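Worksheet: one structure, shown below.
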Amino acid sequence: MIVKEEFLSKLRRFFALNLYEVKIWTALLSRGVSTAGELSDIANVPRSRSYDVLESLEKKGFVVMKLGKPIKYIAVAPTEVVERVKKNMQDEAIDRVKRLEELKTTDVLNELNVLHTQGVELVEPADLSGSLRGRHNLYSHLELTIRNAQQSVTIMTTPEGLMRKVEGLKPAFEKLSKKGVKIRIAAPLSKETKDAVKDISEVAEVRHTDSKARFCIVDGKELIFMVLDDKEVHPTYDIGIWVSTPFFANALENLFNTAWKTMKPAPFK
């Protein structure tokens, strides 16, 4: 049986299987019912591994073992497999979330926080920096950084960046606003950004600027800035730099404050 590598890769990604598992499973699907030895030959999987692989697939709900001699295996319909895998993933996710919630009430988290606090005190300021590759990673780190804000969040972005931040970070902004954190956003505003401005205006002050820049300053201490124009780069290749440096972050915020006074308030409210 010949199955394209691209197809096997898709199955591995969708169903979270290893290479031997997808090979044995697709081989069984092509036969309906078969023995471990036959599947090993068809799928080109070592016989010493085929029984372990089939046992794993049985536990995951992909196959059913048929009693008798020799032992045979029956393929479960793919539509049923999808439902089983989905349910297993949901159950696993719920279990993991429950365990993480329980972690908050244990001494483990306190010990981890102590380790982190003591560790940060030993770190050189120059080491508190990093490169962030890919827009998903950028926004994950951006959310993490602003979530810890105590006083202020200052953002300068593009029209597209403004709409992305309102869509993805609004819940974080709302929590910060309730804590009294001052949120300011500067961006080139247009008709396209009208709805985004309205959506965020209750928790953040938005003003128009003609300048093109992409950065975020938190509490005048931490800075994340993007080095590329988001119009000219694919999200996968977007790059940002994170630095924890009060000296530079505070200096940049002072420059922003000067420019902020000249910016026009958002016309769409």
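The values are calculated or read from the model by the stated rules, or taken from the named source; none is laboratory data. Small disclaimer: the values here were computed from a predicted structure and weren't measured. Reconstructed Cβ throughout: ideal geometry from the backbone, glycine too, with neighbour counts over all protein chains shown.
Below are the figures for this structure:
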item: Pick from segment 187-238, criterion aliphatic (A, V, I, L, M) and under 22 Å from ALA251 (Cβ atoms), ranking: surrounded by the fewest Cβ atoms within 10 Å (Cβ to Cβ); result: VAL227
item: Subset tally (residues that are in a loop (DSSP other than H, G, I, E, B), modelled with pLDDT under 90 and among the aliphatic types (A, V, I, L, M)) for segment 237-269; result: 1
item: Residue check for LEU39: buried (at least 17 other Cβ atoms within 10 Å of the Cβ), part of a helix (DSSP H, G or I) and modelled with pLDDT under 90; result: no
item: Pairs where the first residue, in segment 31-46, is more than 23 Å from GLU5 (Cβ to Cβ) and the second is crowded, with 20+ Cβ neighbours inside 10 Å and polar (S, T, N, Q), C-beta under 8 Å, 6+ apart; result: ALA36/SER50; GLY37/SER50
item: Answer residue from segment 62-94, given it is farther than 20 Å from TYR20 by Cα and small (Gly, Ala, Ser) and is modelled with the highest pLDDT among those; result: ALA93
item: Sole residue being assigned by TED's automatic domain parsing to the domain that holds VAL153, more than 28 Å from SER131 (Cα to Cα) and either modelled with pLDDT under 95 or of a type in the set (A, V, I, L, M, F, W, C) (or both), chosen from ASP195, ASP210, ASP219; result: ASP195
item: Yes/no for GLU121 being modelled with pLDDT of 85 or more, farther than 30 Å from ALA27 by Cα and exposed (fewer than 10 other Cβ atoms within 10 Å of the Cβ); result: no
item: Any pair with Cβ under 9 angstrom, 6 or more apart, that starts in segment 82-97 at a residue that is within 23 Å of VAL63 (Cα to Cα) and ends at one that is in a helix (DSSP H, G or I) and among the charged types (D, E, K, R); result: ARG84/LYS60; VAL85/LYS60; ASN88/LYS60
item: Among the residues listed as SER56, SER48, the single one being in the same structural domain as LYS10 (by TED's automatic domain parsing) and either among the β-branched types (Val, Ile, Thr) or surrounded by 14 or more Cβ atoms within 10 Å (Cβ to Cβ) (or both); result: SER56
item: Within segment 28-48, tally of residues that are more than 20 Å from LEU67 (Cα to Cα) and touching a helix residue (DSSP H, G or I) at 6+ places or on another chain (Cβ under 8 Å); result: 6
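So that you can scan it fast, the table gives a plain yes or no per residue for (1) on the phi > 0 side of the Ramachandran plot; (2) under 28 Å from the mean Cα position of the chain (by Cα); (3) not basic (Lys, Arg):
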{"site": "VAL45", "(1), (2), (3)": "no, no, yes"}
{"site": "ARG49", "(1), (2), (3)": "no, no, no"}
{"site": "ASP52", "(1), (2), (3)": "no, no, yes"}
{"site": "GLU58", "(1), (2), (3)": "no, no, yes"}
{"site": "LYS69", "(1), (2), (3)": "no, no, no"}
{"site": "LYS72", "(1), (2), (3)": "no, no, no"}
{"site": "VAL82", "(1), (2), (3)": "no, yes, yes"}
{"site": "GLN90", "(1), (2), (3)": "no, yes, yes"}
